[in-house]
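Scroll down for the structure; my scribbles are underneath it.
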Amino acid sequence: MPQCVKIGGMQFQKIFVPIASVVLVVVAYRAYGWGGVAIALGALVMWLLLHFTRMMQVLKRATDRPIGFVDSAVMLNAKLKPGVNLLHVVAMTRALGELVSPKDSQPELFRWTDASESFVTCEFRQGKLVTWELVRPTQPVDATTTTPPAPAP
């Protein structure tokens, strides 16, 4: 997944994709005429449909699971990388995250919890993962395992 380069507070990727699309259509017209424009627009529509289909597939899988649930918080913690988008994390967990921060505020905080009550809290800024933290519950101390055996008479 390519990292976004920030230029003056704006992401380069948000500018580059539309400009590259227009350049592709112009180059196709100059090289092949209207037939080239049709092929270039067809390719762009196909690219958009592939991304839309992937997003729908990820969200369809997430509907079958409870919000904020993950099989293993420890494994999720190991797989996370800075800069991935929220859709990628939802695809890894196959569940929507539980929103911890106030709605429509930046940064967004989402939490995924597993069956052992361990959880990962992820911080997203502008839809990209910035930081995350794994919290594991403390295990109660078992008196039988911590007591040394009695000496033999």
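The values are calculated or read from the model by the stated rules, or taken from the named source; none is laboratory data. Keep in mind that this is a model prediction, so the values were computed, not measured. Note that each Cβ is placed from the backbone with ideal geometry, even for glycine, and that neighbours are counted across all protein chains shown. Accessible surface areas use protein heavy atoms only, side chains included; no ligands, DNA or RNA. Shrake-Rupley method; radii C 1.70, N 1.55, O 1.52, S 1.80 Å.
Annotation: lysines with alpha-carbon distance below 23 angstrom to K103 (same-chain offsets under eight excluded): K60, K128. Taking a ≥ b ≥ c as the square roots of the eigenvalues of the alpha-carbon gyration tensor, region 57-114 is classed rounded because a/c is under 1.5.
In whole percent, and with a 1.4 Å probe on the protein chains, what portion of the accessible area of region 1-132 is carbon and sulfur?
Here it works out to 67 percent.
In order along region 19-24, the phi-based Karplus estimate (6.51 cos²θ - 1.76 cosθ + 1.60, θ = phi - 60°) of 3J(HN,Hα) comes to 5, 5, 5, 5, 4, 4 Hz; Gly and Pro are listed as x. Along Cα→Cβ, 7 Å out, is where each label goes; now give me the distance between the ones at W47 and S72 in nm to one decimal. About 3.7 nm, to one decimal. Listed values for region 118-134 are Karplus-derived 3J(HN,Hα) couplings in whole Hz (6.51 cos²θ - 1.76 cosθ + 1.60, θ = phi - 60°), namely 6, 9, 10, 9, 10, 10, 10, 10, 6, x, 10, 5, 9, 9, 8, 9, 9, and x replaces Gly and Pro.
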